[in-house]
Amino acid sequence: MARLSATEPFIHPDCAIVNSTFGAYTEVGQGSRIQNSDFADYAYCDRLSDIANSSVGRFSNIAAMTRIGPTDHPMTTASLHHFLYRSADYWDDVENDAEFFALRASRRTVIGADTWIGHGAIVRPDITIGTGAIVGAGAVVTHDVAPYMVVAGVPATPIRARFDTGIADRLLALAWWDWSHDRLRQALPDFRSMPAEAFLEKYETT
């Protein structure tokens, strides 16, 4: 029997999940924390990932110990500390700063389809990682990443494109990540054996 399910995410032990949704065949690694986020079909994260205020695209591959959409502290006020906005933890006569938390939640990070976020990478709030892009291990992403681009470093900078522009554009047009589960299964031998260009040549007309 298949390990992943079309109806329920596979959540490993010791995860903290708050206000988040999961599509078909999704998985959350042990000890991960997911808040105000959504995982599209087939997306997964490995252990100890910390993902907040993010939309994770179909077939996204998120390695262990990554941080996506990390929340900020207030930087223009006299203090950076929690007591400014988690005030109810410190005093009985005051509420938490709802406006501050609403602003945090509105700063969405978007991870495109079929992306690979490497081990220990950090993707800042308000960033979009384009379809098919790769973020190297340990990178800190502070700017949007184009589809099918490989970035690495601190801050992350483009290293090279995975494919030439023509093949990347054709893959975006084919959008195989929107195929049905059955069609993916039928094409599995070709996914495994064919280079991208040969795969395109076969499936662009079918």
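Looking at the chain, the DSSP beta bridges with both ends there are about 10 percent antiparallel.
When a/c is below 1.5 the answer is rounded, else prolate if a/b is larger than b/c, else oblate, so apply that to segment 1-41 with a ≥ b ≥ c taken from the square roots of the Cα gyration tensor eigenvalues. It is oblate, given that a/c is not under 1.5 and a/b is not larger than b/c. Distance from the C-alpha centroid of segment 68-84 to that of segment 148-171: 33 Å, rounded to the whole angstrom. I want to make sure I understand the PRE zone here: with the label point 7 angstrom from the Cα of SER180 toward its beta carbon, which residues in segment 22-47 have backbone N atoms less than 19 Å away? Residues 24-25, 41-42 qualify, since their backbone N sits under 19 Å from the label point.
Sorting 46-53, 89-96, 184-191 by average packing, meaning the other beta carbons within 10 Å per residue, from highest down gives 46-53, 184-191, 89-96.
Considering only protein heavy atoms, what per residue accessible area in square angstrom results for the chain with a 1.4 angstrom probe? Let's see the in-between values first.
Working: 11280 Å² over 206 residues.
Accessible surface, normalised per residue, equals 55 Å².
Relative contact order for segment 1-109: 17 percent, from Cα pairs under 8 Å spaced at least 6 residues apart, divided by residue count.
For the listed peptides 175-182, 29-36, 156-163, 128-135, a ranking on the average number of other beta carbons within 10 Å per residue, highest first, reads 128-135, 29-36, 156-163, 175-182.
For the chain, the longest principal axis of the alpha carbon atoms and the long axis of helix 165-174 meet at an angle near 90°. Overall shape of segment 16-153 was characterised from the C-alpha gyration tensor. The equivalent ellipsoid obtained from it has semi-axes of 28, 17, 13 Å, in decreasing order.
Please report the relative contact order for the chain, taking Cα pairs under 8 Å with a sequence separation of at least 6, and give it as a percent rounded to a whole number. Present the calculation step by step, with values, prior to reporting the outcome.
Numbers: 489 pairs, mean separation 23.6, N = 206.
Once divided by the residue count of the chain, the mean separation gives 11 percent.
Surface composition of segment 106-187: carbon plus sulfur atoms hold 57% of the accessible area, using a 1.4 angstrom probe and ignoring ligands, DNA and RNA. By how many degrees, 0 to 90 and rounded to 10, does the Cα axis of helix 181-193 deviate from the longest principal axis of the chain? Computed tilt is about 70 degrees. Computed from the C-beta positions of ARG162 and THR21, the FRET efficiency with R₀ = 30 Å rounds to 0.55.
In nm, what is the difference between 0.36 nm times the number of residues separating LEU4 and ALA98 and their Cα-Cα distance?
Going from the current span to full extension adds 30.1 nm.
The values are calculated or read from the model by the stated rules, or taken from the named source; none is laboratory data. The structure displayed is predicted, hence computed values, not measured ones. Here the Cβ is made from the backbone with ideal geometry for all residues, glycine too, and neighbour counts use every protein chain on show. For accessibility, only protein heavy atoms count, side chains too; no ligands or nucleic acids. Shrake-Rupley method; radii C 1.70, N 1.55, O 1.52, S 1.80 Å.
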